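Chemist: Here's a structure for you.
Each value in this text was obtained by applying a stated rule to the coordinates, not by laboratory testing. All values reported here derive from a predicted model rather than from experimental measurement. A quick note on method: Cβ atoms are made from the backbone with ideal geometry, for glycine too, and the neighbour counts reach across all protein chains shown.
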Amino acid sequence: MVFTWQPQPKLLEQEFPSQPIPLYDGSAELIDGENTIRGEALIQISWYPFPYITVEFVYYGKGLTDDIELNLDNTELKLIKINLAPRMKVMLPRKLSCGNGKRECFGYLKEPFIQGRTDNLSSVTFQIANFFLFNASNDEEFVYDEEGNETTIERESWLPTWFHGQFIFEYGGWHIVLGALYYSFDFQEILEAQGGYGIAHVCRIKRSDDKTFDLNEGYEIINAFIYYISFVRGIWIAPLNVLGFDAKGDQILEEWRTPTIKADSWQSLDYSWTWDDSTESVDAFPGFMKKWQDETWREVIQNSIQWYIESYKHTNGYNTSIILVHSALEKLAWTHLNSNNYISPDGFRKLTFDDKLRLLIKTLDISLVPLDENWEITKLAKAYNWLGIDSVSVIGQVRNLLIHPKINKTENKIKLTEVMMEQVFAVAHNYLLKCLLKLFDYPYKVDNF
């Protein structure tokens with residue numbers, strides 16, 4: 001096993017979950033094209049309603065009647081303590097007069113703020129919140145490459161002490177390390193009990209051949225990886241505080257930005273399909289990346305993961321969740337069946353949803369999920385003689401009852417309870433998970449999920 005010392009990234013540390021993380025605290029100038037106001041700025045990562053970069057600017061005027069009306073469309077901050085830093089574009093829609101001439105302006109970062117250069121990067125790091133709080137690592141001695149050949153893991157240590165756990169992901173010439181940082185048991189308990197955001201992982205991305213790249217290329221793999229680990233976790237994850245390093249290990253880039261993905265507050269690990277064996281999260285990544293980099297598949301995978309995650313929240317009831325999962329399954333069915341020449345467009349149009357899903361799971365070698373005879377939805381299906389009653393047909397039947405007008409007397413008599421819809425959702429969401437895993441070439445059996 002090889003151990004290598006790598007550039008040491010600056011870590012975003014929290015004493016307790018959801019604690020704001022300051023990025024800058026000091027002298028600044030607020031400029032709107034016509035006015036320049038000297039004061040103090042606090043830039044930090046805040047968490048609610050989702051992680052974003054907040055801005056607070058404090059200055060003193062002569063009195064309460066001489067407030068300056070800022071041009072909010074062209075407001076910038078110059079951070080005096082950072083040499084040669086560009087101005088950062090901000091939006092400060094809230095202003096508070098506190099007496100004694102003190103004014104406080106509140107808002108957020110309008111555009112990404114980049115310090116340093118974005119080319120000739122040897123590696124980039126970022127941190128994430130609310131992934132597993134694990135202390136495991138994938139195989140201690142070896143992994144398999146894209147051709148199935150055994151290859152040695154290069155363990156990495158960037159910090160004074162080694163990571164609490166370390167997962168290695170490899171694909172397409174990229175080497176990705178996800179390292180778990182140590183946090184106390186109390187920290188983890190608060191997350192489980194109260195939710196919120198806890199930063200407990202740092203990620204490093206570089207090319208396997210050590211060639212340099214620019215920030216845009218880096219974001220291509222960052223964005224894909226974030227979608228993947230969000231799918232693994234079952235909630236949205238977002239990258240925070242991107243740093244770039246040159247070949248010598250010196251930091252040459254720091255970027256602050258509000259992530260485009262609105263990360264979720266901590267949810268139970270039951271949302272995660274690998275919660276009981278988190279090392280399995282590595283195994284489906286190469287297959288995911290193959291689909292992600294395929295023009296036919298990328299949008300379909302993005303949509304399917306979006307609907308997979310959002311449907312599981314079912315904050316507005318299971319009816320919305322069923323519709324989302326149904327849409328994902330139908331989109332996966334068309335893309336898989338057509339791209340593998342199982343069916344033509346005309347042939348696909350002629351099939352019912354039931355037949356589309358049956359053909360999808362058959363070609364992916366997925367077993368039918370059995371219906372429980374004691375479920376309310378099973379009893380309802382038998383009472384109204386739904387044809388070919390099984391776990392596939394109830395998904396289509398319930399989805400049609402939800403979105404189509406009830407025209408005949410029989411349909412008007414059918415009352416779907418929340419319990420019935422919960423039962424149908426559980427089956428449909430299970431099919432969606434299994435289909436995605438099979439499409440990502442997951443090497444283990446999926447029938448046990």
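Chemist: Treating only the Cβ of Lys, Arg, Asp and Glu as charged (+1, +1, -1, -1), what charge dipole size does the chain show about its Cα centre? Round to the nearest 20 debye. Can you show the working numbers first?
Modeler: Details: 42 positive and 62 negative charges, 333 e Å.
The dipole magnitude comes to about 1600 debye.
Chemist: Moving on to the next point. Once the Cα atoms of helix 298-313 and of the chain are each reduced to a long axis, what angle between those two axes, in degrees from 0 to 90 to the nearest 10, is obtained?
Modeler: Approximately 90 degrees, to the nearest 10.
Chemist: Provide the net charge surrounding Tyr318, with neighbours chosen by a C-beta distance below 9 Å and charges set as Lys +1, Arg +1, Asp -1, Glu -1. Could the numbers behind the result be given before it?
Modeler: Working: positive: none; negative: Glu418, Glu422.
Overall, the nearby charge balance is -2.
Chemist: Explain nothing, just compute: Karplus ³J(HN,Hα) = 6.51 cos²θ - 1.76 cosθ + 1.60, θ = phi - 60°, for every residue of the range 391-400 in order, whole Hz, x for Gly and Pro.
Modeler: Once θ is set to phi - 60°, the couplings for the range 391-400 become 5, 7, 5, 5, 5, x, 4, 5, 4, 5 Hz.
Chemist: Can you give the angle from 0 to 90° between the axis of helix 318-339 and the longest principal axis of the chain, with both taken from C-alpha atoms, to the nearest 10?
Modeler: The answer is roughly 80 degrees.
Chemist: Here is a follow-up. Mind pulling the angle between the C-alpha long axis of helix 418-439 and the longest principal axis of the chain? Nearest 10 degrees, somewhere in 0 to 90.
Modeler: 80 degrees
Chemist: Here is a follow-up. Using a 10 Å Cβ count of at most 10 others and DSSP loop calls, identify the longest part of the chain lacking such GluC sites (Glu not before Pro). Don't skip to the answer; put the middle values down first.
Modeler: Details: sites that count: Glu15, Glu34, Glu69, Glu140, Glu141, Glu147, Glu295, Glu373.
Within the chain, the longest run free of exposed GluC sites (Glu not before Pro) spans 148-294.
Chemist: I need the trypsin sites (Lys or Arg not before Pro) found in the range 190-237, filtered to DSSP loop residues with at most 15 other beta carbons within 10 Å of theirs. Don't jump to the answer; show the numbers that get you there.
Modeler: Numbers: sites: Arg204, Lys206, Arg207, Lys211, Arg233; in loops: Lys211.
Listed in order of number, the matching sites are Lys211.
Chemist: With θ set to phi - 60°, apply the Karplus curve 6.51 cos²θ - 1.76 cosθ + 1.60 along the range 253-262 and write out the HN-Hα couplings as whole Hz, x wherever there is a Gly or Pro.
Modeler: 8, 9, 10, 10, 7, 6, x, 5, 8, 8
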